[in-house]
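Notes follow once the structure below has been shown.
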Amino acid sequence: MPYRRLPNTDSSRLRALHILYSKGKELPPFKLGFSQNVYTRIQSFLPGFENAISQFRQAYAIQVKRGREYQNLMKKARMYISHFIQVVNMAISRGELPAQTRAYYGLEEHSSRLPSLVSEKDILKWGEAIIKGEQQRIMKGMAPVTNPTVAVVKVRFENFKEACQNQKVLQKNSERALEELSRMRKQADEIISQAWNEVEESFAGLPDEVRRSRASEYGVVYVYRKNELPGLSVFDRIQVSAG
């Protein structure tokens, strides 16, 4: 026997609800395969559910779009911080700066190894350290590092820092929208399940093939297992092909 399958995507949930809503509009209550109570619930629920889906998709799309911008700014900030440290190391190796210069930036005094700049946390940490350390050096009258200067590094760093903050806000917006949508998905599943139960019950006295045919007009979906495919009726084969 085929089994009934409830919608498991937002699109299929909307499709099921719209079919039920259309049936409720076009048929008088005494001919409708489900109760007016369920129809009223669908009427009041459907607009909010559509809005929740739209809100989540919009929030997620903005997050993805800004995420690409964030990644680009992260790459730029990482590159400028890395280049600044490399310039300092090269100046030290040429004898133009003392090894103690590294201490201003929180680097190991006698190591030219670059710090990890993989994560957002790394870049924020070393960006702050480089800017603060170079400003201290300049205030003491020491020659500034150039190509890049700390001013250029700061611009790239501040752009990235702002993008970090914006991205966190966008992530929270998406999370809130998803939380609301998840709550409404449960309601949608409950409403659809109740409506389909009532539809099947209203056609319970009919032969199986006819009952499934009538229920499918209300959007009820039946799925056949592979071992059930041979010997299906014409109607059932059409249902399988359509699925």
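The values are calculated or read from the model by the stated rules, or taken from the named source; none is laboratory data. Please read these numbers as outputs of a predicted model, since none were measured by experiment. Glycine gets a Cβ as well: all are built from the backbone with ideal geometry, and neighbour counts include every protein chain shown.
Conditions (1) of a type in the set (A, V, I, L, M); (2) in contact with a Leu (Cβ under 6 Å, 6 or more places away or on another chain), marked per residue:
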residue: ASN8; (1), (2): no, no
residue: LEU14; (1), (2): yes, no
residue: ASN37; (1), (2): no, no
residue: ALA61; (1), (2): yes, no
residue: LYS76; (1), (2): no, no
residue: HIS83; (1), (2): no, no
residue: VAL88; (1), (2): yes, no
residue: ALA91; (1), (2): yes, yes
Which condition from (1) part of a helix (DSSP H, G or I); (2) closer than 17 Å to GLU190 by Cβ; (3) aromatic (Phe, Trp, Tyr) is the one that TYR70 breaks? (2)
Which members of region 192-243 meet the condition of being among the charged types (D, E, K, R), at pLDDT below 55 and in contact with a Lys or Arg (Cβ under 9 Å, 6 or more places away or on another chain)? ASP236
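Could you please give the count of residues in region 19-36 that are out of contact with any Ser or Thr (no Cβ under 9 Å at 6 or more places or on another chain) and in contact (Cβ under 8 Å) with a residue 40 or more places away in the chain?
We begin by selecting, within region 19-36, every residue out of contact with any Ser or Thr (no Cβ under 9 Å at 6 or more places or on another chain); these are 19-23, 25-28, 30-31, 35-36.
Next, from what is left, pick out any that are in contact (Cβ under 8 Å) with a residue 40 or more places away in the chain: 19-20, 23, 35.
Residues in region 19-36 being out of contact with any Ser or Thr (no Cβ under 9 Å at 6 or more places or on another chain) and in contact (Cβ under 8 Å) with a residue 40 or more places away in the chain: 4 in total.
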Testing GLN63 on (1) buried (at least 19 other Cβ atoms within 10 Å of the Cβ); (2) touching a residue at least 24 places away in the same chain (Cβ under 8 Å); (3) touching a Ser or Thr at 6+ places or on another chain (Cβ under 9 Å); (4) closer than 30 Å to TYR218 by Cα, one condition comes back false. Which one is that? (4)
Among the residues of region 115-172, how many are of a type in the set (Gly, Ala, Ser), under 25 Å from GLN71 (Cβ atoms) and either exposed (fewer than 13 other Cβ atoms within 10 Å of the Cβ) or touching a Ser or Thr at 6+ places or on another chain (Cβ under 6 Å) (or both)? 3
